[in-house]
Every structure is written in C-alpha cells, then in structure tokens.
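Encoded as structure tokens, the structure appears first; notes follow it.
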Amino acid sequence: MAQKLMTPGVYIEEVNAFPGSVVEVATAIPAFIGYTEKASRNGKSLVNQPVRITSISEYLLLFGGAFSPKFTLDKVADGKQGKNEVSINGATKDINFVKDHDAYMFPAIQLFFNNGGGACYIVAVGTYGGADKVVEVKKDELEGGISTLLKEQEPTMVVIPDAVKLGDDCYDVYKKVLAHCSKMQSRVGILDIYDGDQSRIVGDASVDIITKFREKIGTENLSYAAAYYPWLNTNIVQKGDITFENLDASVELKSLLPEAGAQSLIAGYPADENAFKEALIKDKPDDLAAALSSDNPEGVESAVTEGKLADGFNADALTALQEKGGLVATQSLLQNYVANKKRNFHLGLMATSPTYASLLDEIRGVMNVLPPSGAMAGIYTMVDNSRGVWKSPANVSLNSVVKPAANITHDEQENLNVDAISGKSINAIRTFPGVGTLVWGGRTLDGNSLDWRYINVRRTMMMLEQSIKLALRSYVFEPNDANTWVTVKSMIVNFLTEKWKQGALAGASPEDAFDVQVGLGTTMTSIDILEGKMLVTVKLAIVRPAEFIVVTFEQQMQKS
C-alpha cells in the first residue's frame, strides 16, 4: 500500500486486475516527397515540413494543383523511331517534354486517392508556382525531404514519384530510401523503374532497364522496398486540361494546322502582350476607360476624356501608366480579357481543326503515362483497410488506369519475379483479357530471401514489432522481476492471439502460430538482470501468399 495508515478510518485502494494492452499501429500512411505548386498555410511556408492530409481537397488548399507542362514537336531522323511519334499534316513528329517541364507529384497523389488512399504525409521540397514555372528536380532536395521524416513516427511508406526525373541519379535517392526505412524499421519504400514507360530493351544501345535497375540499386536493405514495372497509361489528365498553351513557343501552329478555319483564327490571334493590349483598347474602350477612371492615379486623367480613351492612346501608353500608377482595375480587366481570348481561341481551334484536336489527344496520352508508385500506395492502403496488412497487395485491379505502358507476357515475367543471379524481384503490372489491369507480383526487392521475400510478410512484421514496442514503453524502469514478466508476456500473448484470430498468423491453434518467452533461465541470465536487461523472445508464423498454385491431374482406371 502506497499511503501510510496513521489515522483510524476506512481506506479504498483500487488494484488493476488486467494487464496492459497492445494496440495495433497504423500500417497504411504513405509519405510523398516531391515538388508542388505551392507550399504554405496561412502565409507560412511548408517547404521541407511533413504535413498530414486526409483528402485531395486538403492537398489543393495547401499545396496547389497540377503542373502545366510544355511540349516540343521534334523531327524524327531518317531510320530512327521517336518515343512518342505522331503524324501531323503528313509529317512525323516526336512529342517531347521541354526540359524541366514535367512533374509527377500531383498526378501520383490523384492516383493514390483514386485507388483507395486515405491519410498521408506530404513533404514539398520545392515549388513550381514561381515566375519561371519550371520544375528543376535536384537530388539533394529529394534526399533532404527523406531526412525530414526521421522525427515522424506515423508514416509507413515512402514514395518519391519525381525521383525518376533525375535519370541515373534516381538510384542514389532510392538507396537513401532503403537506408532510411532500415533505420526506422517502421516503413517500406515503393520504387519506380527509371524508363519504365518503355519496353525492357530501349534505345540503340539495347539497354535492359530492369538489369540496369538491379545493378544500380545496390545490395543493402533490399527487404525494405518493392519495385513495380511498367509505368501506367492512366486517365488522370482530362481532355479539357490541355490547350495550345502546352505547346512550346518553337511550335508554329500556322505551319502545323492545314485547315482554313484554323488559319483564319491564328491570323487574328494576338501575338504577344502588347498585341493583347492593343486588342483590348480596340475591343473594349469603354470598359478600359472606366477601369482607368476607377484607378485614377496621377497622370491618368490625360488618358481619359469624357469616358472615352484619348486620341493616340496605345499599348505603350497603357504599359507606362500601369508601371507608374499600379493600375489594379486595369490589370484585372486585361487578365480577364486575355483569359477569354485564349479560351475562345482554343475552342475555335477545336471546332475548326481536327488536326489540332488530334494533336492535343496525343499530348494528353503522353502526359497520362505515369509512374506506378502513387497508385500502389493507394492499393496498399485499400488492401490494409479491407483485408489487413497480412494480405499480399497483389491480384488487385487498378483504378484510373487504362493499361500498362508495356505489355508483359507470362514468360517475360519469369525473370522479373525470380532472378537467380541478383535475387532482386520486380513486381509486374499486367493486363489480362476479360479481367483488366492487375498487380501481378507481391515481392520485396529481396526476392530470394525466405525470410523477407514477400512484401506482406515484411509489413506485417513491422506492424507487430512497432505495436509491441510502443506497448512495452510503459514497462521501462519497472521492477525486472517475475510479476513484470508475467504481465508483459500475457499482454503480448493476448495481442498475438487476436491477430491469429484475424488471420495474420498461420496455425491451427495459437500455440502453433506464435510463442512468447520471457524470464530468468528462459531468455535472461542473472547477469542480464544485473545489467538492467529484460529480454523477450517472440516467434511468429506469419501467413505467406499462395504465389504458385499447382493442380495435378492424373487419369485413373474406370471402376464401374
């Protein structure tokens, strides 16, 4: 009894009858690292700060929307084949991103939520909302984003969709992911294959992108990540998201579109900012005069006469007035006018030029080829929530996906799934007739390890480890005696029995599924106790997927 009894009376003492409990930790909380349109909350920067969100609308509020890329139409050399060839007006062109003009973070988030995603962390390492509107992916920035997760305990997955933009340097980032996950022991990485939007053999040098990945990913901490191939043809980018503004300035619509109606529209479209201002002065003089009057800075009066623009007023004069007086209303009028002009020009081209509409569809197809890591993070979350982390995240269909970027056959997957030389398994995403696109692999990169071959075994073990670890914190500095040992053992046994009932552990009975040992002469010696050590041994029979199902048929003699 803790209190001293010195005064006569009746005293009440409450005694705990039950041991503490182990609570299962969350298993499906990915952390996305990459570049966003913005990164601020209430005017304060969120760059390099892990931020927890639960919906796409929350992402849009804090981090903005999609990146608007630019494309060139390059000539295809004789005897060569372009990556994204398209035939326009009798000529073959190759659609290519302008340098630093593509980003995968936002579409990866969309794929995540479309495939069952929920809560996640966003680490914005940079923004593309500035004046230059480009995304310069830097290795040190992405690696710095990984470091910000060291103090976050909740994330269980690490996804870096923009890493593939680094080229061969992406493998250095992936090695950092593997090392980080191994250090934390509570998360796994979901990796994309660089050049995974193509077939395995690419280019004139016949480079095998899978072999290249296996050679460059290293040999350390392979059980803490899974890789997926190929990339995915999706429908994330919609038809209205692409306009002529996604074409680089080097692309001349006048020489590209043969239709007469399109040529007429192009001829009447303002060529630059000054031309837009001249068109505004011509088309909406009354509106401009009213805007100038409402701003009314010093010197503007000379430009306005009885509600009309003064004679000789032009774009240069309007620019000078804006720079002098900071004309807010005038600038707003000009922005709205330009936006309406661009929208009407785009709609006019769509209506008059099938070539233009076809070109935008081809560009949209290029933009919709995305790395699979975002979709797989959503699949992990969906399977965890519906079946449990012990269910392999495979044989599951993908949402917002039309088909894989490369078609993999049964024979081609053999080397992906089991590689005797490197032992590094790559999970395939395949299309099956009448079924659709399925995730057809559930292995970690450590594919030849009997312990950590399967991603669900790795993640189930992490869940059990972290859950028990957090529960045992309350017993640090407790007396290292039999009473504590019995309490700890019963707490762990109760938790594992519940997991066995749910199907996480294999065995006809709890005794077959797990074994928990703690105590003097069992897991500890007297020296261990003197040194303050309480050693607990837990053995687990985690369920493994039926990856290969073999049905044997044999004929027998007729019996009747």
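What the Cβ-Cβ distance of Val76 and Gln238 gives, at R0 = 25 Å and to the nearest 0.05, is a FRET efficiency of 0.30. FRET efficiency for the Glu152 to Arg343 pair, using the beta carbon distance and R₀ = 45 Å, is estimated at 0.60. The angle between the Cα long axis of helix 373-386 and the longest principal axis of the Cα atoms of the chain comes to about 40 degrees, rounded to the nearest 10. Ranking Trp500, Leu540, Asn480 by Cα position along the charge dipole of the range 476-560, where only Lys, Arg, Asp and Glu carry charges on their C-beta atoms, puts Trp500 farthest toward the positive end.
Here the label points at Lys99 and Ala482, each 7 Å from Cα along the C-beta direction, are separated by 7.6 nm in the simple model.
Once Rg and Dmax of the Cα atoms in Å is worked out from the coordinates, which option in [x] 29.6, 105; [y] 24.7, 78; [z] 31.4, 113 does it equal? Correct label, based on the coordinates given: [z].
Highest mean first, the peptides 535-548, 233-246 sorted by other C-beta atoms within 10 Å per residue fall in the order 233-246, 535-548.
Summing charges over all other residues whose Cβ lies under 14 Å from the Cβ of Asn395, with Lys and Arg as +1 and Asp and Glu as -1, gives +3.
Distance from the alpha carbon centroid of the range 396-420 to that of the range 17-32 works out to 34 angstrom. In terms of packing, defined here as the mean over residues of other Cβ atoms within 10 angstrom, the peptides 463-472, 476-485 line up highest first as 463-472, 476-485. With a simple spin-label model that places each label point 7 Å from the Cα along the Cα-to-Cβ direction, the separation between Thr523 and Glu273 comes to 7.0 nm. Rounded to the nearest 10 degrees, what's the angle between the helix 105-114 long axis and the longest principal axis of the chain, both from Cα atoms, 0 to 90? Value to nearest ten degrees: 60.
Distance between the C-alpha centres of the range 123-200 and the range 219-292: 29 Å, rounded to the whole angstrom. In a simple Cβ point-charge model (Lys, Arg +1; Asp, Glu -1; nothing else charged), the range 464-527 has a dipole of about 180 debye relative to its Cα centre. For the chain, the longest principal axis of the alpha carbon atoms and the long axis of helix 455-472 meet at an angle near 70°.
Every read-out reported here was derived from the displayed coordinates using simple, explicitly stated rules and does not represent laboratory data. All values reported here derive from a predicted model rather than from experimental measurement. For neighbour counting, all protein chains shown are included, and Cβ atoms are generated from backbone atoms with ideal geometry for every residue, glycine included.
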